Amino acid sequence: MTDVMTPKSPQWWKKPDVKKTAILWVICTAVIGFIGVEFHVRNIVSPASENMSSIISLITIFTWAASPVAGLVTAICITVLTSKRHYGDNPPPEADHEIRNSPRVTALWVSVSGLLCLFALIGGLIVLQHDNEGVLDTNAVQVNVTGQQWVWSFDYTNGARSQDLYLPVNKPVVFHITSVDVKHSFWVVQMGIKMDANPGYTTETAVTPDKIGVFDVRCAELCGLLHAYMQTKVHVVSQADYETWLSNNAAIEKGA
Amino acid sequence: MTTVMNKTVAAPGKSIIEKLNVFTALALGALSAIVVWRLSLAFLPQDADGALIFSREDKITLLSMIAWFVGFMTGIGALVGPFRWLMGKDLTHEENMFLAGKDMGPKRYLRYTTDHKVVGIQYLFITILIFFLGGTLAMLIRTNLGTPTGGWLHPQAYNSIVGTHGILMIVGTIIMVTGPFGNFIMPIMIGARDMAFPRLNALSFWLIVAAAVPLLWGQFIGGITTGWSAYNPLASQAPLGMDGYIMYICIFAISTMVAGANITTTVVKMRAKGMTWNRTPIFIYGVVASVALALPAFPVFFLSQVLSAFDRALGTSFYNTALGGSGWLYENLFWLMGHPEVYVILIPSLAALMEMAPVFTRRPLFSFNVAIMGIAGISGLSILVWAHHMYISGWAPLLNAPFMLTTELISIPTGMLFLVLIGTLWRGRLWMTMPLMSIFALLWNFMIGGVTGIYLSDVPADAFLHGSMYVTAHFHYTLMGAGLTGALAALVYWFPKMTGRMFDKGLSWIAFWLVQIGFNIAFVGMFMVGLAGQPRRVESYAPTFNTANMVTTGGAYIIMAGMLVLLYGVISSARSGVKAPINPWHAKTLEWTVAYPIPLENFDVLPTVNSDPYDYGKAQS
């Protein structure tokens, strides 16, 4: 191993380019982390469920966790680019050292990326576990979702059927999703859930809306000619309003 | 001896080989397609009234396309050799020399020429053509998305343009490095006289040409309205254009397998004396890893499309749930190819930049072994991650956690390649050229592509991001921001060896900055609309997404300007650029030891290698 240390040169951390990189690293980490988080948080939809809130915090945490690595790469690039540059048709003299390897740096780099990877995995698994338990909730509101080219329809346990989705606030909902023709993908945008609607199968996903309002349902899998228009609204209302709507709607169904 | 003499006398001017070229191929292909089309129209039975699946049209289309394919390949001369073998003979020496393109001038580019340098140039030409077509379609998409209601493109035309853009760019990026540079440069770089199987080399190129026609044909019979992933059962109800897609993929998959076997054999068996594995340039590792990954991936792709063709034309139900099949089968087969395939695209580009890094920093490649470990790690893991495309498909929710693990593990070998590049840049003597700047651009773009990839690999976050424009932006950052950047750098770097002239320096800089700036504007805008909830592959969108879509469209026009400058640079530099010296970059790999024009068999005396090509900085230390 040939190292950067030679007897006559100062210790490696006192070299000017190392110092410069260290300072840049701190700055770049802060800037990249801040911009990365702000970019995502400002642009992402405002959450209407705990799922969506935890997705936003996952993205925030991952961004901050990734920013030291991104910051280091950027800092080294800036240090290198601001050192002596050579323009011209002939090459500059060859570099005055021949570091071919540094087991210490490599080991450190690989262990840090391994740890970050583990961190991302654990973070994801915790949220995933929480999300998975939702579909088992038998007390939840059960809604059957059917995709067909190019509309969504929703069936409720009392026989009501609608083109707009109605949900009570703060009550767990389990969706049973299927399709009658091709594959669609049921995406309740502001609630951070998405599940494919497969012809011939029923898939499940669960969410608890925690905000009253009108949100978007879109199809997220190319399903033919009018895929772009396969969208509808989800109305999250209070429990009382929900029950009123449900009974009125069931009545209309029967009347028709 | 006398028999050989007799054959040599008999051969000149009479060999069938000398009469075949791209024109006879086109003529024979068209003729056989028309004949088979008329015959199947006349003789194929009508579908029964009330049949569930009307497949006669599909049968006719597929048969005509197969006839085109066989006719074209016969017409180009691909079958002459195998036919001779069946007769217990082989091509004569003169015929082989003719095939190699000896003293043939420009005409050899229009024939079944086996010289790897000719094949490399042919690949370069077709790659540029594919990018030109795919880029034009991208501009149509972005122009249509300039306003929320889209409007001026019919939804079916829009969907077809999206699908065709996708598949063209996938094919273009797969061949962009291993095609031109893997064929032209790689054999010289390892000190070989040609590829291991020169005729297979010609075959792999002409298969791509043969494949192009069904894709084009498909545009006129309904188009590819399913996106490039062609999910079933959407694909089974799609118009006849889908058959064009199926044929295109099948022929292209054969081409990739043939090229993969050829390149792998060449590298394993034909390296110069003394070029041990630890003296083999890193670019070679990248090319081999890429084609070796394609070897398991593309047969699966081929199979998935054959089953799709059966479903459409023969009324089988591999992918039809109602009749016992499963759409998830298609998704599994497709992504078993689809995920290795992105690394088939990326690895050679990364390896090309790792090859250039020591040249333009005048110091050794940092941690050669780590680079190999990184390439091997990515290749190995990439065949275990396919179902991360299916987190929300409902296929196997219990497998989401294991696939999340394998996917996130890929960040470790990818990080190793970052380490190699920044380690090489560190304290290097920067020689400011477009290839060097491309390394910085790749680090930047691939960093964004990689980190957003971690969000997408996370199952809960993917439940929001999947199928949105965020995914589109993410894979453009990896395949275009990283992959294409490396390929363009490779073009400028090896241009002098391939054309004998330097790539115009000014034009390369202008193109570089336009493409990189335009790219980052365009796809940052696309990340924004993805986060705001715009799905992929939509032809109109909610007015709230308008601003960011305008940004993306604007960025796309800047990319277009850059690519046109680059195209002009290729043409003008190849015609009237500065004559290149034998080794303009003062690099140490073998391809820079042969002068332009490179003789037919590359080396008068085969070289011997006694060190790796990265021993920069020795003289001074």
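Residues in the stretch B:363-370: is at least one surrounded by fewer than 21 Cβ atoms within 10 Å (Cβ to Cβ) and either part of a helix (DSSP H, G or I) or aliphatic (A, V, I, L, M) (or both)? Yes, the stretch B:363-370 contains at least one residue that is surrounded by fewer than 21 Cβ atoms within 10 Å (Cβ to Cβ) and either part of a helix (DSSP H, G or I) or aliphatic (A, V, I, L, M) (or both). Annotation: of all residues in the stretch B:532-549 being under 13 Å from A:Val45 (Cα atoms) and free of Cβ contacts under 8 Å to residues at least 24 places away in the same chain, the one that is surrounded by the most Cβ atoms within 10 Å (Cβ to Cβ) is B:Ala532.
Selection within the stretch A:32-41: residues that are more than 10 Å from chain B (Cβ to nearest Cβ) and not aliphatic (A, V, I, L, M). The member of this set that is nearest to B:Gly449 (Cα to Cα) is A:Gly33. One residue alone among B:His165, B:His154 is out of contact with any strand residue (DSSP E or B) (no Cβ under 6 Å at 6 or more places or on another chain), over 29 Å from B:Arg193 (Cα atoms) and without any contact (Cβ under 8 Å) to a residue 24 or more places away in the chain, and that residue is B:His154. Residue under question is A:Leu58, and the condition is that it be in a helix (DSSP H, G or I), within 30 Å of B:Phe464 (Cα to Cα) and facing chain B (nearest Cβ under 7 Å); does it hold? Answer is yes for this residue. Scanning the stretch B:526-547 for residues that are more than 8 Å from chain A (Cβ to nearest Cβ) and part of a helix (DSSP H, G or I) yields a total of 8. Of the residues B:Asn159, B:Asn232, B:Asn183, the single one that is crowded, with 20+ Cβ neighbours inside 10 Å and more than 14 Å from chain A (Cβ to nearest Cβ) is B:Asn183. Of the numbered criteria (1) at the interface with chain B (Cβ under 9 Å from one of its Cβ atoms); (2) part of a helix (DSSP H, G or I); (3) crowded, with 19+ Cβ neighbours inside 10 Å, the one A:Gly71 fails is (1).
Of the residues B:Gly380, B:Gly415, the single one that is more than 7 Å from chain A (Cβ to nearest Cβ) and modelled with pLDDT of 90 or more is B:Gly380. Checked against (1) surrounded by fewer than 23 Cβ atoms within 10 Å (Cβ to Cβ); (2) at the interface with another protein chain (Cβ under 10 Å from one of its Cβ atoms), A:Val189 passes all but a single condition, namely (1). Within the stretch B:395-409, the set of residues being without any contact (Cβ under 8 Å) to a residue 40 or more places away in the chain and within 30 Å of the chain's Cα centre (by Cα) comprises B:Pro402, B:Phe403, B:Leu405, B:Thr406, B:Leu409.
Kindly establish whether B:Val594 is buried (at least 20 other Cβ atoms within 10 Å of the Cβ) and either on the phi > 0 side of the Ramachandran plot or over 25 Å from the mean Cα position of the chain (by Cα) (or both). So B:Val594 fails the test. B:Tyr285: assigned to a helix (DSSP H, G or I), within 30 Å of B:Trp585 (Cα to Cα) and without any contact (Cβ under 8 Å) to a residue 60 or more places away in the chain, yes or no? Criteria not met by B:Tyr285. Scan B:Leu91, B:Leu99 and give me the residue that is farther than 26 Å from B:Met169 by Cα, surrounded by 23 or more Cβ atoms within 10 Å (Cβ to Cβ) and at pLDDT below 90. Only one candidate qualifies: B:Leu99. Within the stretch A:196-239, the set of residues being within 21 Å of A:Ser46 (Cβ to Cβ) and either without any contact (Cβ under 8 Å) to a residue 12 or more places away in the chain or outside any strand (DSSP E or B) (or both) comprises A:Thr208, A:Asp210, A:Lys211, A:Ile212, A:Ala220, A:Ser238.
Among the conditions (1) at positive phi; (2) within 24 Å of the chain's Cα centre (by Cα); (3) of a type outside the set (Asp, Glu), the only one that A:Gly200 does not satisfy is (2). Give the stretch A:207-227 a look and list any residue that's closer than 23 Å to B:Met390 by Cβ and within 9 Å of chain B (Cβ to nearest Cβ), or say none. Passing the criteria: A:Arg218, A:Cys219, A:Ala220, A:Glu221, A:Leu222, A:Cys223, A:Gly224, A:His227. Meeting the requirement of 1 or more residues that are farther than 30 Å from A:Ala22 by Cα, the helices (runs of 4 or more DSSP H) wholly within the stretch B:393-493 are B:400-409, B:434-457, B:459-465, B:469-476. Of all residues in the stretch A:133-179, those that are more than 22 Å from B:His466 (Cα to Cα) and either within 11 Å of another protein chain (Cβ to nearest Cβ) or hydrophobic (A, V, I, L, M, F, W, C) (or both) total 8. What about B:Asn320, is it in contact with a strand residue (DSSP E or B) (Cβ under 9 Å, 6 or more places away or on another chain), farther than 19 Å from B:Gly179 by Cβ and not charged (D, E, K, R)? When the stated conditions are applied, B:Asn320 passes them. Of all residues in the stretch A:192-206, those satisfying the criterion of being more than 7 Å from chain B (Cβ to nearest Cβ), in contact with a Phe, Trp or Tyr (Cβ under 9 Å, 6 or more places away or on another chain) and surrounded by fewer than 24 Cβ atoms within 10 Å (Cβ to Cβ) are A:Glu204, A:Ala206. Candidates are the residues of the stretch A:42-55 that are assigned to a helix (DSSP H, G or I) and more than 9 Å from chain B (Cβ to nearest Cβ); the one that is modelled with the highest pLDDT is A:Ser53.
Screening A:Val174, A:Val182 for residues that are in contact (Cβ under 8 Å) with a residue 40 or more places away in the chain, in contact with a Pro (Cβ under 6 Å, 6 or more places away or on another chain) and either closer than 30 Å to B:Tyr614 by Cα or outside the structural domain of A:Ile59 (by TED's automatic domain parsing) (or both) leaves exactly one candidate, A:Val182. Step by step: first the residues of the stretch B:459-515, then only those that are more than 23 Å from the chain's Cα centre (by Cα), farther than 30 Å from A:Pro47 by Cα and among the small types (Gly, Ala, Ser), then the one that is surrounded by the most Cβ atoms within 10 Å (Cβ to Cβ). Which residue is that? Checked the stretch B:459-515; the qualifying residue surrounded by the most Cβ atoms within 10 Å (Cβ to Cβ) is B:Gly500. Residues in the stretch A:8-37 that are part of a helix (DSSP H, G or I) and polar (S, T, N, Q) were compared, and the one that is farthest from the chain's Cα centre (by Cα) is A:Thr21.
The values are calculated or read from the model by the stated rules, or taken from the named source; none is laboratory data. Here the structure is a predicted model, which is why all the values come from computation and not from measurement. Because the Cβ atoms are built from the backbone with ideal geometry, glycine has one as well, and the counts that use them run over all protein chains shown.
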